[in-house]
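Just below is one structure, and these are the notes that go with it.
Every number here is computed from the coordinates shown, using simple stated rules; none is lab data. Predicted model, so just to flag it, every value in this text is computed and none were measured. Backbone-built Cβ (ideal geometry, glycine too); neighbour counts: all protein chains shown.
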């Protein structure tokens with residue numbers, strides 16, 4: 001019996017030994033698999049940052065390239081600032097009565113004659129040339145309408161500002177206001193356009209000053225659209241000439257500035273519309289100077305600025321702008337223009 005038990009015990013031991021061996025082998029296999037998985041994970045995680053680094057490097061390189069491309073773009077040119085011509089004439093003749101004068105060759109961007117050309121002056125209603133530019137460049141539909149209010153009209157009546165004649169309650173197209181702005185020098189049209197374009201006259205003045213920077217004007221600043229006197233609203237003879245020269249490059253601005261008379265669409269206050277007449281062409285035909293045609297312009301007057309005029313003329317295939325300001329008589333600026341275009345052009 002004891003021998004039989006010994007053999008059975010040996011068989012049981014060998015079975016247990018075999019099971020233990022199988023368990024160890026299985027554990028080793030599992031450990032090996034886990035080790036392989038861990039190593040694979042480490043390699044993958046190692047490669048992923050490399051990919052991210054490569055991607056980041058590529059993105060940075062692209063960004064650097066883009067930045068270099070932006071830096072390589074040429075700076076936006078300002079409107080050419082007139083330089084004194086080699087034969088510039090300082091005007092001293094008493095026949096030219098305005099104390100501030102500038103005569104500019106538009107095509108060559110040259111100042112060919114003048115008097116106090118860089119002195120600060122008040123632009124008065126010549127301001128409206130810049131107002132015209134800003135309105136035309138920002139309004140996309142000149143048939144859109146604006147309704148005049150008592151809040152706009154009443155202060156202008158009190159200040160005795162020049163007006164086109166739009167009354168509170170009148171619904172006016174942008175196009176009609178452009179003509180009302182320039183021809184009769186309407187402050188009502190100026191304020192209406194300012195609000196229509198920018199929401200307020202203050203915001204509109206901001207657009208006017210942005211345009212000054214774009215044109216490279218060094219000594220011009222606006223605080224209103226109409227030209228009513230303000231110590232912070234100023235320009236120089238040369239820079240006012242530049243503003244008109246720029247305006248004449250725009251088809252709509254040129255059309256408005258060159259018109260003698262225009263009748264608005266019917267209005268609530270005037271069913272037949274308002275006949276608007278140019279304050280400049282109301283004093284001249286434009287052909288008074290031999291071989292010269294005065295094509296366009298804008299007058300101005302305030303007590304502080306006195307009488308002023310900026311006009312655009314053609315002689316042959318050349319174009320010129322004359323600025324006369326500070327004159328004591330409204331007719332002096334007209335005759336001064338005739339003198340400038342008749343005697344000082346090449």
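Remark on the range 172-288: hydrodynamic radius 15.4 angstrom, per the Kirkwood mean of 1/r across alpha carbon pairs. Computed over the range 73-159, the alpha-carbon pair-distance distribution with 5 angstrom bins reads 3, 9, 11, 14, 18, 12, 9, 11, 8, 4, 0, each value a whole percent. Only Cα sites of the range 154-195 enter the Debye sum here, all with the same form factor; the resulting log10 I(q)/I(0) across q = 0.14, 0.23, 0.25, 0.33 1/Å is -0.25, -0.68, -0.80, -1.27, listed in q order. Computed with the Debye formula from one identical point scatterer per Cα of the range 99-217, without solvent, the log10 of I(q)/I(0) at q = 0.13, 0.14, 0.22 Å⁻¹ comes to -0.58, -0.66, -1.23.
Shape analysis of the range 287-329 places it in the prolate category; the axes a ≥ b ≥ c from the Cα gyration tensor give an a/c of at least 1.5, with a/b above b/c.
Over the range 237-298, the pair-distance histogram of Cα-Cα distances with 5 Å bins from zero comes to 4, 16, 19, 20, 20, 10, 7, 4, 1 percent, rounded to whole numbers. Each pair of Cα atoms in the range 83-343 enters the Kirkwood radius, and Stokes-Einstein at 10 °C and 1.306 mPa s then converts it into a translational diffusion coefficient of 87 µm²/s. Label separation (residue 140 vs residue 88): 4.4 nm, computed from points 7 Å beyond Cα along the C-beta direction.
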